[in-house]
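Notes to accompany the following structure.
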Amino acid sequence: MMGRVEVKILEGALGEAELVDVEGAGAVLRFEGVVRPTEDGLPLEVLDYEAYEPMTTRQLRALGEAMVVGHGLMALRVEHSVGRVRPGEVSFRLTLWSAHRKAGLAAMDAFIDRMKAEVALWKVPVWLTAVEAGR
């Protein structure tokens, strides 16, 4: 998986992370984005994620390739949900393999910031009704 970038857009919440061994990696970093129970201070039923495919996959792949080259990563995998994801469930996962932790941590931070600013992915909150929120 040397220098490889893998992109997965999946319907609904993400399942368990797949464990992959990359020979020579000194650091394996994984970030999981979990849907919070509130959004903008209001109780949330679900987040409904939308993507503009196939553009979203192309953008994520290009961003991943830029991180591999720019930070000397050995491999990178990004997984993102589309559709409905409930509070407490994982909607985003970034896993990367690098020789050293500093490069991996810098790449992780840069990837997430750029993804939020540049990639055709949107979240639409679906709020709990006042009755449901009062339960």
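The values are calculated or read from the model by the stated rules, or taken from the named source; none is laboratory data. What you see is a predicted model, and the numbers here were worked out from it, not measured in a lab. A quick note on method: Cβ atoms are made from the backbone with ideal geometry, for glycine too, and the neighbour counts reach across all protein chains shown. For the accessible areas, the whole protein counts, side chains as well, though only heavy atoms, and no ligand, DNA or RNA atoms are used. Shrake-Rupley method; radii C 1.70, N 1.55, O 1.52, S 1.80 Å.
Going through region 23-38 one residue at a time, which ones are open to solvent by less than 70 Å² (accessible area, probe 1.4 Å), in contact with a strand residue (DSSP E or B) (Cβ under 8 Å, 6 or more places away or on another chain) and assigned to a loop (DSSP other than H, G, I, E, B)? Give the steps one after another, and end with the answer.
From region 23-38, those open to solvent by less than 70 Å² (accessible area, probe 1.4 Å) are 24-27, 29, 33, 35, 38; that's our starting set.
Add one more test, that the residue is in contact with a strand residue (DSSP E or B) (Cβ under 8 Å, 6 or more places away or on another chain), and what stays is 25-27, 29, 33, 35, 38.
Answer for region 23-38, where residues must be open to solvent by less than 70 Å² (accessible area, probe 1.4 Å), in contact with a strand residue (DSSP E or B) (Cβ under 8 Å, 6 or more places away or on another chain) and assigned to a loop (DSSP other than H, G, I, E, B): A25, G26, V35.
Taking helices (runs of 4 or more DSSP H) as the structural unit, those lying wholly within region 39-135 and holding at least 3 residues that are surrounded by fewer than 18 Cβ atoms within 10 Å (Cβ to Cβ) and acidic (D, E) correspond to 101-118.
Only residues that are assigned to a loop (DSSP other than H, G, I, E, B) and open to solvent by 40 Å² or more (accessible area, probe 1.4 Å) were counted across region 1-12, and they come to 2. Of all residues in region 86-109, those that are under 13 Å from L76 (Cβ atoms) and of a type in the set (D, E, K, R) have Cβ atoms under 8 Å from Cβ atoms of residues that are open to solvent by 10 Å² or more (accessible area, probe 1.4 Å) and in a loop (DSSP other than H, G, I, E, B), 6 or more apart or on another chain, in R93/L14; R93/A17.
Scan region 5-38 for residues that are touching a helix residue (DSSP H, G or I) at 6+ places or on another chain (Cβ under 7 Å) and of a type in the set (V, I, T) and report the count. Number satisfying all stated conditions: 3.
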